[in-house]
Amino acid sequence: MRLVELSVTNFRSLGDVQSIPIHKQTILTGHNDCGKTATLDAIAFLLGERPLADSDVSQFAESEPARAALPSDDDAAEPIAVTVEGRFDLSDADKKALGLTSSIQVRRRHVEGEGVSLEWLAQVPQNPALRNISSLKVPELRSLASEVGIRLRDGQPNVKASWTEVLEDYVASAPTVAGWAQAPEHVVSALPQLLYFRGDAAETPDTVVRSILTAKLREYTLREETRQKITDLETAFSGLLKDDAARLQKLVEERCALDSFSLEPTVQLRPTVSGVSMTAAAPGQRAVSLAAAGAGRSRRISLALWEASQQLLSEAAEGGVTGGVIIAYDEPDTHLDYEHQRRIMDMIKVSSSAEQSTVIVATHSLNLIDGVDIQDIVHLNSRDGRAYVQSLGADDSDEDTRRFLSNMAVSLGFRNSVLLHERCFVGVEGPTEYAALPALFKLAFGYPIQSAGIALWDCGGNDGALNFAKFLKKHRRTVLFLVDGDSMRDKEREFSLNRLEKYGFTEKDCLFLGDPNELEDVFSDDQWADTMNAEWPRKDEKQWTPADVAGLRRAGKFSKSLHTLLYQNSEQAPRKKESMVVQLAQRLRQPSDVPPALVKSFNDAIKVASEAGLRHWSEDE
């Protein structure tokens, strides 16, 4: 079971934040007090790893401008509900064990005056009164049975088990709707374990060890043979408490003059590692308690424990289903130098690659941010103290990506997102390439072009753009140009190699598009015919065919001939030929639809970008 989306209401600065994406590895960024730690703590609350404190209740409670410092005298006021909801994807083993076929939604709620409940979205009785029968007391069960018109069967004793049985039989055939209901035990047991490392844990290795071993211990409780032993113990302890509960029940009835008072304790054993004793010995020295060791040694040991935890906790329990593990780091770079930060980044990648693991990191570290795909970054910001989330989705455009990077850079204190990801600047001929290439790159590789460290910009006939390229090169930044193949021959073109040479660039600085001449001709006759029929149908209502396109490739400039053909034969022909490739690109759906010649140009750019970036200047340069 893997957490893939989180929504939070009324939890600290997260007044109402919906659909926070959670990837296999997720980096939470943002300025101080924007909700990064609150997000991790909300996950801990959802998974039952931390209680809700009074200070967790949001000052931005939904439908309420501010939370009053003193209790309200208004008895009719709606109680504030703190809700953390998660959507979980299920593995095949999870689906089989839980009897489900798709993802599930689970939420933990704290309602003032009512306590905490864990619920899941399922098919529930249409009548709300029938949804939580197991939590009702005997008088409530009798009243509900009377309300729906059922009674005990002959011979059934007048006890809770009997009333529960007849009501559950009734519910089995009652109308249902999708709604929230108390999560059953098998769903609770399948939730992921949380391993939560805070920045200050670097100085407390015992905290790290207890977290790791407790998570592993709870994993063992999910094994069938262990689960049965725990269930037997819970049943035994419940039996031992039965007489004590009966005495308390009778005393309350007598002291309070009640007709009846129900008291039924529930016992749940939740194993935990309560303490750890650790010693360490340097070479040639005697072992000493780790509590007496220096802070530097403690940090190194904690880092080693973090690295070891990913292997230990990503192993699935044999013969059973585990909910996996969520490893959360809050500012893991605290007190660590750059070398150790890079080790943490490597550790995060290894941990998140395990099938059972998800890693979530809250950080300001550019080392950590720069080490992941930008689609795995969730940027938290705040407005008037209230948090909101910004992230990139699979369908976001190149403009959305650039806006996201810019906003994130500003929030982190940098003027330009170049400092985050852009290692190689690639100039393109005009608006056609600038609009189409990012979409084609993302389709071919599955991630935005910025994630490869490539920044595109439209040069066209703009001397200012070429002067900027010259400036970047002078300052030791890597600059390339994606140009049409015929630029080598046509010296009259505005974006010809001849013109680039005047600004200090050579053929080595260029990647050539075209098969063989220009971007338009890398696409197949079938792709063009499909786009033409969909976007620019013929006046005579006949269908465009691949043969219509193939005939244009034999002589002259293909893109110009294609545009002329459309202009002469279609009332919806594009006004400018530059828009043709953009519309064709929008119709492609599979990575294999991107022409191999174009993929090769992209791979060449990726290779250059992977070896590029800022470099040290010697004093004699």
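The values are calculated or read from the model by the stated rules, or taken from the named source; none is laboratory data. The structure displayed is predicted, hence computed values, not measured ones. A quick note on method: Cβ atoms are made from the backbone with ideal geometry, for glycine too, and the neighbour counts reach across all protein chains shown.
Structural remarks
- Scanning the stretch 553-579 for residues that are more than 25 Å from TYR434 (Cβ to Cβ) and touching a Phe, Trp or Tyr at 6+ places or on another chain (Cβ under 6 Å) gives a single hit, SER570.
- ARG107 surrounded by 14 or more Cβ atoms within 10 Å (Cβ to Cβ), of a type in the set (D, E, K, R) and at pLDDT 90 or above: yes
- On inspection, THR164 qualifies as at pLDDT 80 or above and of a type in the set (Val, Ile, Thr).
- Within the stretch 447-487, considering residues that are within 30 Å of LYS560 (Cβ to Cβ), among the charged types (D, E, K, R) and out of contact with any helix residue (DSSP H, G or I) (no Cβ under 8 Å at 6 or more places or on another chain), the one modelled with the highest pLDDT: ASP486
- Evaluated against (1) in the same structural domain as LEU6 (by TED's automatic domain parsing); (2) out of contact with any His (no Cβ under 8 Å at 6 or more places or on another chain); (3) not small (Gly, Ala, Ser), ARG131 falls short on exactly one condition, (1).
- Taken over the stretch 1-33, the criterion of being over 30 Å from THR101 (Cα atoms), assigned to a strand (DSSP E or B) and over 12 Å from the mean Cα position of the chain (by Cα) is satisfied by ASN10, PHE11, LEU14, GLY15, THR29.
- Test: residue in the stretch 526-534 that is assigned by TED's automatic domain parsing to the domain that holds PHE481, hydrophobic (A, V, I, L, M, F, W, C), touching a residue at least 24 places away in the same chain (Cβ under 8 Å) and surrounded by fewer than 16 Cβ atoms within 10 Å (Cβ to Cβ): yes
- Every residue from the stretch 13-72 that is charged (D, E, K, R) and either at pLDDT below 85 or farther than 19 Å from GLU119 by Cβ (or both): LYS24, ASP33, LYS36, ASP41, ASP54, GLU62, GLU64, ARG67
- There is at least one residue in the stretch 192-201 that is among the hydrophobic types (A, V, I, L, M, F, W, C) and closer than 24 Å to LYS95 by Cβ.
- Selection within the stretch 270-288 - exposed (fewer than 12 other Cβ atoms within 10 Å of the Cβ) and closer than 30 Å to LYS160 by Cα: ARG270
- Whichever residue in the stretch 353-368 is crowded, with 21+ Cβ neighbours inside 10 Å and outside any loop (DSSP other than H, G, I, E, B) and, among such residues, is modelled with the lowest pLDDT: LEU368
- Residue in the stretch 34-49 that is surrounded by fewer than 22 Cβ atoms within 10 Å (Cβ to Cβ), in the same structural domain as VAL389 (by TED's automatic domain parsing) and either basic (Lys, Arg) or in a strand (DSSP E or B) (or both) present: no
- Test: residue in the stretch 255-270 that is part of a helix (DSSP H, G or I) and modelled with pLDDT of 80 or more: yes
- Lone qualifier among VAL209, VAL148, VAL166, VAL188 - being in the same structural domain as GLY86 (by TED's automatic domain parsing) and within 23 Å of PRO125 (Cβ to Cβ): VAL188
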